[in-house]
Amino acid sequence: GGIMLDIKDLNKDFHKHTVLQHLSLHLEGNELIYIHGINGSGKSTLFKLICDILKPTSGTIEKKKDLQIGALIENPGFLENETLAYNLRFLASLNNHYDQQYIEELCQQFHLDFHSRMKLKNFSVGMRQKAGIIQAIMEKQELILLDEPTRGLDQESIHIFCQIINQLHQQGHTIMIAAHDYLPDIHYTHIYHLEGQLYLDEMD
């Protein structure tokens, strides 16, 4: 019960340049949110604030106790000289939610070879992006934040991504996707426009 995430009057400045101002957002849980905004509109900044990577200039971010957050923000901290399996195992072990069967299933859906000996530094942009999406959802995190998740993905992978996201939402997860491109196959519950602050778009 209660609120999953409560952001009140959030402001974030970088060297006198204001990126976010008077931003408020309340998540009860089980929302599927699309945030659109141009580059530099603060999408990554907002996600970093929610994940405690950055601190607000002012305002508050309250989270449900022990909220498990999965995030794809810019470059996930992969170990470049290790394999995909090693990386996913390493990242999951940080929270002790390593479910190899589910992780292998996700890799299969995205046509990634979980058992490949290839080092991450040799991954293509698309393969790296898929690995980034998988690490954000592989521990069945309650709140999933995805920044430009379809960057570098081909049409088939985008289709698979949309299916996985809808499925996670049906299973009760809350997902926030920040991106340039609107993906019509995702069944969003709310659409926001970010321009310093969040504006809720009317949905038909």
| Rg and Dmax of the chain over Cα atoms: what are they, in angstrom? | 16.8, 48
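Rounded to two decimals, what ratio of Rg to Rh does region 160-204 give with C-alpha atoms and a Kirkwood Rh? Each step should come with its number before you reach the end.
Details: Rg = 11.4 Å, Rh = 11.7 Å.
Computed over Cα atoms, the ratio is 0.97.
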| message | If amide hydrogens are placed 1.01 Å from N in the peptide plane, which non-local residues have theirs closer than 5 Å to the one on residue 176? | response | 33, 144, 145, 146
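I need the chymotrypsin sites (Phe, Trp or Tyr not before Pro) found in region 21-112, filtered to DSSP loop residues with at most 16 other beta carbons within 10 Å of theirs.
Values: sites: 34, 47, 78, 86, 90, 98, 102, 110; in loops: 78, 98, 110.
Passing sites in region 21-112 are 98.
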| So in the chain, what percent of DSSP beta bridges are antiparallel if you round to the nearest 5? | 50
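If you roll a 1.4 Å probe over the heavy atoms of the protein chains, what accessible area per residue do you get for region 80-204, in Å²? Don't skip to the answer; put the middle values down first.
Details: 6330 Å² over 125 residues.
Roughly 51 Å² per residue, with all protein chains present.
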| message | Compute the helix-to-body angle for 125-137: its Cα long axis versus the longest principal axis of the chain, expressed 0 to 90° and rounded to tens. | response | 70
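Nearest 5 is fine: what % of DSSP beta bridges in region 136-199 come out antiparallel, could you say? Numbers along the way, then the final one.
Numbers: 3 of 8 bridges.
Within region 136-199, antiparallel bridges account for around 40 percent of the total.
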| query | What percentage of the solvent-accessible surface of region 102-177, computed with a 1.4 Å probe over protein heavy atoms, is contributed by carbon and sulfur atoms? | reply | 47
| query | Could you name the aspartates and glutamates in cross-link range of residue 55, using Cα to Cα under 12 Å and dropping any fewer than eight places away on the same chain? | reply | 13
| query | Could you give me the ³J(HN,Hα) list for region 173-190, computed from phi with Karplus coefficients 6.51, -1.76, 1.60 and θ = phi - 60°, whole Hz, x at Gly and Pro? | reply | 7, 9, 10, 10, 10, 10, 6, 5, 8, 6, 9, x, 7, 8, 8, 5, 8, 9
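The values are calculated or read from the model by the stated rules, or taken from the named source; none is laboratory data. Just so we're clear, the structure is a prediction, and the values are computed from it rather than from any experiment. Note that we place each Cβ from the backbone using ideal geometry, even for glycine, and neighbour counts take in every protein chain shown. When the accessible area is computed, the model is the full protein with side chains, heavy atoms only, and any ligands, DNA or RNA have been set aside. Shrake-Rupley method; radii C 1.70, N 1.55, O 1.52, S 1.80 Å.
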